[in-house]
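These notes concern the structure reproduced below.
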Amino acid sequence: MSGTHAEVLNQSDELVDYNLFTSHPALADALAREGAAHERKALSALGERLGSVTMFTLGDVANRNPPQLQAYDRRGARRDTIEFHPAWHELMRRLVAEGLHTGPWAQPRPGAHVARAAGYMLWAELENGTQCPATMSYGAVPALARHGEMFAPWLRPLLSREYDAAFVPAAEKRGALIGMGMTERQGGSDVRTNTTHALPVNGAGPGREYRLSGHKWFFSAPMCDAFLVLAQAAGGLSCFLVPRFRPDRSLNALRLLRLKDKLGNRSNASAEVEFDAAVHHARGRRAFGRLLSEQPLMRNVLADLALECEAAVMLTMRLARAFDAQEEEEATLLRRVLTPAVKYWVCKRAPAVCAEAMEVLGGNGYIEDWPIARRFRESPLNSIWEGSGNIMCLDVLRALAREPATLEALETLLEGAAGRDARYDRYRAALSADLGDASDSELRARDLTQRIALATQAALFLTHGPAPSCEAFLASRLAAGPPAAFGTLPPGVDCDALVARVLAP
């Protein structure tokens, strides 16, 4: 046969209709290790739901049909709304119903934040744009809860598991979401240079009414019901809750000037606003007479990618456990230093991982019919959105300098693996010495942050295994330093064991 009817050979099957959780043993192990083993059954069920072809199709369709700004209604009056494809709304409905936005705050229990982090990782495999409003709502709840009585009317819809896209005041809705407005064009991540200003209407103070005037270069998720916005007040830079509607049900003066034409995260809207007053593929293709996954060099690449992903999961889930221990001082200190360190390191490694996975897929990886192209576009976003790499590294230094006990908490975490391997002991001792030397610390901030992340990952591997992953990590990340390219694991590493971790049925 010829033409479009020719038989298609040497192509892998589409990876759909599988359980995202049970096929991820590193995540399942981390769930149990960090105190949420009791959530395994629920996450297995979630993994089954999310791995369906229906969910992957919804993610693809939402990204192929980006949102549209409706600045005016048919009569020419300001409306400033965003129209989304139905696929977006269905994804949001399901995400909120799963409690992946504010679930741990709505139903606090042991392991709630760890379980939510695991579920969030599963959701990230199919669609990232919807995670933007969910993440901001998750972060907004504790900020509003600090002034519980003042913002109680907002907490009720935020903690709801019902998604309500109606453009009406939040008090009239079954559920609500929070966006954020931080970045201005003159300052970027340096929010101290913000020029948006807030003037009190009837007296200053928390929960009082202010009028904001100014401009935000990036206004995240402008379809949300309210926004946390940074503005200059009499006492300096402050954070304000800006709802879409005023108490009298009239539209608040948020003027959406345009939507950003972004590299990735295209299903989600980001606006400029003015305030007025693939491993699966390697098992299915052949080259040079053998499956790709059977070739020694490809085994090295796949094993290295698997190792990187497992290390990232271990690190992220350990941080999530610190959020479950809200009342423990040591956990609070660890959150302050590990949050920016983890964000910096995982986000820096993600584009390289996605690029290598794209190469494994070959030409298919570079076209929009396969999911890796979208994932590659998404991968740089988190190191830009609300905090570049440099900002994260400076946050690490600030956390260590602000409270000496923070360094002690970090040292205690790392000390738990001491004496188990000479390579780790040398690495930890050198890091400890450099963290104690304040000279040129800003110049060395990236190096120090990277080493904190690597040392923590190594400590977790040494303490919790598995042994092949631990040995590979120590040999390739500590003894030799992070490789410039994946696929450079040294001789003696058990590549088969590492690949088996991600090829589990």
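The values are calculated or read from the model by the stated rules, or taken from the named source; none is laboratory data. Keep in mind that what you see is a predicted model, and the values were worked out from it rather than measured. Cβ atoms come from the backbone with ideal geometry, glycine included; neighbour counts cover every protein chain shown. These accessible areas exclude ligands, DNA and RNA; they are computed on the full protein's heavy atoms, side chains included. Shrake-Rupley method; radii C 1.70, N 1.55, O 1.52, S 1.80 Å.
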Within segment 242-260, can you find the residues that are open to solvent by 60 Å² or more (accessible area, probe 1.4 Å) and under 21 Å from P200 (Cβ atoms)? R246, P247, D248
Of all the helices (runs of 4 or more DSSP H) wholly in segment 59-136, which have at least 1 residues that are of a type outside the set (A, V, I, L, M) and over 19 Å from the mean Cα position of the chain (by Cα)? 86-97
Filter segment 188-213 down to residues that are of a type in the set (G, A, S) and farther than 23 Å from I82 by Cβ and give me whichever is least open to solvent (accessible area, probe 1.4 Å). A198
Is it true that L237 is surrounded by 18 or more Cβ atoms within 10 Å (Cβ to Cβ) and over 24 Å from D73 (Cα atoms)? no
Out of F486, F461, report the one residue that is buried (at least 16 other Cβ atoms within 10 Å of the Cβ), within 25 Å of the chain's Cα centre (by Cα) and part of a helix (DSSP H, G or I). F461
Residue hits (segment 225-242; under 27 Å from D164 (Cα atoms) and not in a strand (DSSP E or B)) are D225
Restricting the first residue to segment 19-33 and requiring it to be closer than 14 Å to A45 by Cβ, which pairs with a second residue that is open to solvent by less than 30 Å² (accessible area, probe 1.4 Å) and charged (D, E, K, R) meet a Cβ separation below 9 Å and a spacing of at least six or different chains? L31/E39
Residue check: is E442 part of a loop (DSSP other than H, G, I, E, B) and open to solvent by 30 Å² or more (accessible area, probe 1.4 Å)? yes
Those residues of segment 489-502 which are open to solvent by less than 30 Å² (accessible area, probe 1.4 Å) and closer than 17 Å to V313 by Cα amount to L498, V499
Residue selected from segment 214-225 under the condition more than 19 Å from Q68 (Cβ to Cβ) and in contact with a Ser or Thr (Cβ under 7 Å, 6 or more places away or on another chain), by the criterion surrounded by the most Cβ atoms within 10 Å (Cβ to Cβ): K216
Could you check segment 317-406 for helices (runs of 4 or more DSSP H) lying wholly inside it with 3 or more residues that are over 29 Å from G179 (Cβ atoms), modelled with pLDDT under 90 and open to solvent by 20 Å² or more (accessible area, probe 1.4 Å)? 329-361
Tell me, yes or no, whether segment 163-171 has at least one residue that is open to solvent by 30 Å² or more (accessible area, probe 1.4 Å), modelled with pLDDT under 95 and not in a loop (DSSP other than H, G, I, E, B). yes
Members of segment 186-224 found to be assigned to a loop (DSSP other than H, G, I, E, B), over 26 Å from the mean Cα position of the chain (by Cα) and at pLDDT 80 or above, listed by number: T196, V201, N202, E209
Options L43, L69: the member that is closer than 23 Å to C309 by Cβ and surrounded by 15 or more Cβ atoms within 10 Å (Cβ to Cβ): L43
For segment 464-483, give me the residue count where each residue is part of a helix (DSSP H, G or I) and open to solvent by less than 40 Å² (accessible area, probe 1.4 Å). 9
